[in-house]
Amino acid sequence: MNIAFLSGFFLSLSLIVAIGPQNAFVLRQGLMRKHVFPIVLFCTLSDIILITLGVFGFGVVISELTWLSKYMFFVGGIWLTMYGILRIKEAYIADSYLENLNSDKTTLKLALTNCAALTWLNPHVYIDTLILIGTVSVKYEDNLFFCAGASLASVLFFFSLGFGARILSPLMSSRKAWQVLDGVIAIIMFAIAYSMFSESF
C-alpha cells in the first residue's frame, strides 16, 4: 500500500484518538443514542475539510499568525469552561438521568450547534490538522494519498466511537453512571480549558 497513505492514516489516528472535548461529546451522544449519525458525519466532514486545508498549504499560513493562535486559544478556553459547567449542571441538578436523556432540549439543531462549537472553536483541532498534518504532508510527493489516508482515519474513528458506544449502554443504565460520566467530561473540559488559557497569555 502507498507509504504516504499509511503515514497519513496513522498520523491522523494517533492525533484524533486522544480524549478531547469533541470525542467526549460524540461518545456521550452515542451512549444516549441521539442524533448519532448526523453528529459523526459532521465531525468526519469537518476533519476532512481541515485535513485537506492543512495538506494543501493552509497550515503554513496559520503557523505564522501567532496573534490569531492566541485569540483562538482564549475563545476555545471560554467555550470549554462553559461546556464543563453545563456538564456539572446536567450531572447534579437534573431530576433524573432518564428525564435528562429524554429532554426536549436535546434537539438535532442544539446537538449540531454544540458539536460545531466543540469542533471549530477548539484550537487543538487546527494545530493537529492544519499545522501538524499539513507540515508532515510536505515530506511526501503523493500528498493526495497522504490526505486520503488521514481522512480515512477520521471516518473510521468517529463512526466507531459514535456507534460503538452502544456496547457500553448496559453499563450506563443508572443515574450514578451518568453522573460519573458527566463529571469526568467536565474535568477534562476544565483541564483543557486551563491549558488553553495558559497558551493565550
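The values are calculated or read from the model by the stated rules, or taken from the named source; none is laboratory data. All figures in this text were calculated on a predicted structure; none of them were measured in a lab. All Cβ positions, glycine included, derive from the backbone under ideal geometry; neighbour counts span all protein chains shown.
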| request: Name, by its number, the condition in (1) modelled with pLDDT of 80 or more; (2) closer than 26 Å to W79 by Cβ that does not hold for C147. | output: (2)
| Filter result for the condition that a residue is surrounded by fewer than 17 Cβ atoms within 10 Å (Cβ to Cβ), in a helix (DSSP H, G or I) and among the aromatic types (F, W, Y), over F190, F197, F157 | F197
| field | Complete set of residues in segment 107-154 that are assigned to a helix (DSSP H, G or I), under 23 Å from K34 (Cα atoms) and among the hydrophobic types (A, V, I, L, M, F, W, C) | value | L108, L110, A111, L112, C115, A116, A117, L118, W120
| request: Could you please give the count of residues in segment 67-105 that are at pLDDT 70 or above and either among the polar types (S, T, N, Q) or in a loop (DSSP other than H, G, I, E, B) (or both)? | output: 1
| query | Within segment 4-12, can one find any residue that is assigned to a helix (DSSP H, G or I) and closer than 10 Å to F158 by Cα? | reply | no
| message | Pairs please, first residue from segment 184-197 and closer than 11 Å to G20 by Cβ, second anywhere and hydroxyl-bearing (S, T, Y) and at pLDDT below 80, Cβ atoms under 7 Å, 6+ apart in sequence or on different chains. | response | M189/Y83
| task | Would you mention how many residues in segment 1-34 are surrounded by fewer than 20 Cβ atoms within 10 Å (Cβ to Cβ) and either more than 25 Å from A191 (Cβ to Cβ) or free of Cβ contacts under 8 Å to residues at least 24 places away in the same chain (or both)? | result | 11
| Is it the case that F145 is among the aromatic types (F, W, Y), within 30 Å of I85 (Cβ to Cβ) and surrounded by 16 or more Cβ atoms within 10 Å (Cβ to Cβ)? | no
| Which of the residues that make up segment 111-150 are under 21 Å from L6 (Cα atoms), out of contact with any Gly (no Cβ under 8 Å at 6 or more places or on another chain) and polar (S, T, N, Q)? | N143
| note | Of the residues in segment 36-45, those that are under 17 Å from Y83 (Cβ atoms) and surrounded by fewer than 22 Cβ atoms within 10 Å (Cβ to Cβ) come to F42
